[in-house]
1. Picking from T76, L55, I38, whose Cα lies most toward the positive end of the charge dipole for segment 14-78 (charges on Cβ: Lys, Arg +1; Asp, Glu -1)?
2. Could you check which residue among Y28, Y40, Y18 shows the biggest mean-square fluctuation in a GNM of the chain with a 10 Å Cα cutoff?
3. Identify all lysines with a Cα-Cα distance to K71 below 29 Å; exclude those on the same chain that are fewer than 8 residues away in sequence.
4. On average, how much area does the Cα convex hull of the chain cover when viewed from any direction, in nm²?
5. Could you identify which residue out of R19, R39, R51 has the top mean-square fluctuation in a GNM of the chain using Cα springs shorter than 10 Å?
6. Using the crude model of +1 on Lys and Arg Cβ and -1 on Asp and Glu Cβ, and no other charge, please compute the dipole size for segment 14-78 relative to its Cα centre, in debye to 20.
Amino acid sequence: MEDIESLIKTLKSQNEEYRNLEKSHKEYEEQLRELDKIRYPSPEETIEINRIKKLKLQGKDRMESILNEFKRKLETSRA
């Protein structure tokens, strides 16, 4: 079986949803890095931090689901 990095590279070249999720994930990371610089976040900022964390996790879960589905299809096509 191919290593995970080459699978992801192939998947990114073929799956627009995966590419978009990866882009969003990176944007959420950057937003969280910026918000993390706030020493004493306001209640609104804390809510925003938690909202971004949830979105980031949902995206990561979906990326994992797409990757697993892609691996299953590859294994089925090779069998």
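Every number here is computed from the coordinates shown, using simple stated rules; none is lab data. Model, not experiment: these values are computed from the prediction. Ideal geometry is used to build each Cβ from the backbone, glycine not excepted, and the neighbour counts take in all protein chains shown.
1. Working it through, the farthest residue towards the positive pole turns out to be T76.
2. Among Y28, Y40, Y18, the largest mean-square fluctuation in the Gaussian network model of the chain belongs to Y40.
3. Within reach: K9, K12, K23, K26, K53, K54, K56, K60.
4. Result: a mean projected hull area of 5.8 nm².
5. Looking only at R19, R39, R51, the largest GNM fluctuation is found for R39.
6. Here the size comes out at about 280 debye.
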